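Participant: I'd like to ask some things about the structure below.
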Amino acid sequence: MIVSTFGPEGPAKCSGLDVVRYDADSLHREFGMHFRLLESVKELHQTPFGTIQQFLYCHCRMNRVDLSFRLILKSLTQMGSPKKYAG
């Protein structure tokens, strides 16, 4: 997955609202141990008003063990609960 947010040098406010700024490590911590940070890039973006804002892009992937577990759970859920047979 790719996530973008204001970088550590980004604005303190956007459209009058307080924002949270992240570096790659702090953003990655928001997603927890189930995701692996593959790469991150910072970009300086010029707004239509001429203001420069720093953005951060993070490319993360779900860990294989978590992905495999989710796929197994999904297939079990689709199968439904076991049928009871009268003997």
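Every number in this text was worked out from the coordinates using simple rules, so none of it is lab data. These numbers were taken from a predicted model, which means no experiment stands behind them. Backbone-built Cβ (ideal geometry, glycine too); neighbour counts: all protein chains shown.
Participant: Placing +1 at every Lys and Arg Cβ and -1 at every Asp and Glu Cβ, with all other atoms neutral, what dipole size does the chain have around its Cα centre, in debye to the nearest 20?
Facilitator: Value, rounded to 20: 720 debye.
Participant: Sticking with this structure for a sec: When the chain is fully extended, how far beyond the present Cα-Cα distance does Arg36 get from Thr5, taking 0.36 nm per residue of separation?
Facilitator: Details: separation 31, 0.36 × 31 = 11.16 nm, distance 1.75 nm.
Using 0.36 nm per residue and subtracting the Cα-Cα distance, I get 9.4 nm.
Participant: Would you be so kind as to identify which of Gly32, Cys14, Thr77 lies farthest towards the positive end of the dipole of the chain, taking Lys and Arg as +1 and Asp and Glu as -1 on Cβ and the Cα centre as origin?
Facilitator: Thr77
Participant: Here's something else I'd like to know. I need Val3, Val20 ordered by Cβ neighbour count within 10 Å, fewest first. Write down the numbers at each step before the final one.
Facilitator: Values: Val3 16, Val20 11.
Least crowded to most crowded, the residues run Val20, Val3.
Participant: Do the sum for the chain: with -39,500 (n - 2.57) for every DSSP H run of n ≥ 4, divided by all residues, what is the mean residue ellipticity at 222 nm, to the nearest 500 deg cm²/dmol? Don't jump to the answer; show the numbers that get you there.
Facilitator: On the way: 2 runs with 24 residues, N = 87.
Rounded to the nearest 500, the figure is -8500 deg cm²/dmol.
Participant: Can you give the Rg and Dmax of the chain based on its C-alpha atoms, in angstrom?
Facilitator: Over the chain's Cα set, Rg and Dmax evaluate to 20.6, 78 Å.
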